[in-house]
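The values are calculated or read from the model by the stated rules, or taken from the named source; none is laboratory data. Please read these numbers as outputs of a predicted model, since none were measured by experiment. Here Cβ is always computed from backbone atoms with ideal geometry, including for glycine, and neighbour counts include all displayed protein chains. Accessible surface areas use protein heavy atoms only, side chains included; no ligands, DNA or RNA. Shrake-Rupley method; radii C 1.70, N 1.55, O 1.52, S 1.80 Å.
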Amino acid sequence: QVQLVESGGGLVQAGGSLRLSCAASGNIFRPNAMGWYRQAPGKQRELVAAITGGGSTNYAYSAKGRFTISRDNAKNTVYLQMNSLKPEDTAVYYCKLSQISIDYWGKGTLITVSS
């Protein structure tokens, strides 16, 4: 089993920055991919950014140029640095780890961006 614990969410003003962290524990195998998704009220969950074990990244169009995903393989932790936040970034942000064709999800952390 794999456990994912997100941290770093909260309330921030538009234009501000936040850094999310997600620590994975349990039966971690490599290679694996980790990523961040978000779900705003009344909307479907969507990809924000993802990163492979080798460091290849993929970003949603809305995140490009503002968000940066990174990971520390030794700590089994993935980060999301979010800059220039907008009110439309308000959502619950979820961490995901994918390994051996199985996806594991964290419980999510709420980010609220005020205008």
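Quick notes
- Selected residue (only one of ALA50, ALA23, ALA63 is outside any strand (DSSP E or B), at pLDDT 95 or above and in contact with a strand residue (DSSP E or B) (Cβ under 8 Å, 6 or more places away or on another chain)): ALA63
- Where PHE29 falls short, out of the listed (1) part of a loop (DSSP other than H, G, I, E, B); (2) in contact with a strand residue (DSSP E or B) (Cβ under 6 Å, 6 or more places away or on another chain); (3) open to solvent by less than 30 Å² (accessible area, probe 1.4 Å): (3)
- Members of region 66-90 that are touching a residue at least 40 places away in the same chain (Cβ under 8 Å), more than 21 Å from ALA24 (Cα to Cα) and part of a loop (DSSP other than H, G, I, E, B): ASN83, SER84, LEU85, LYS86, THR90
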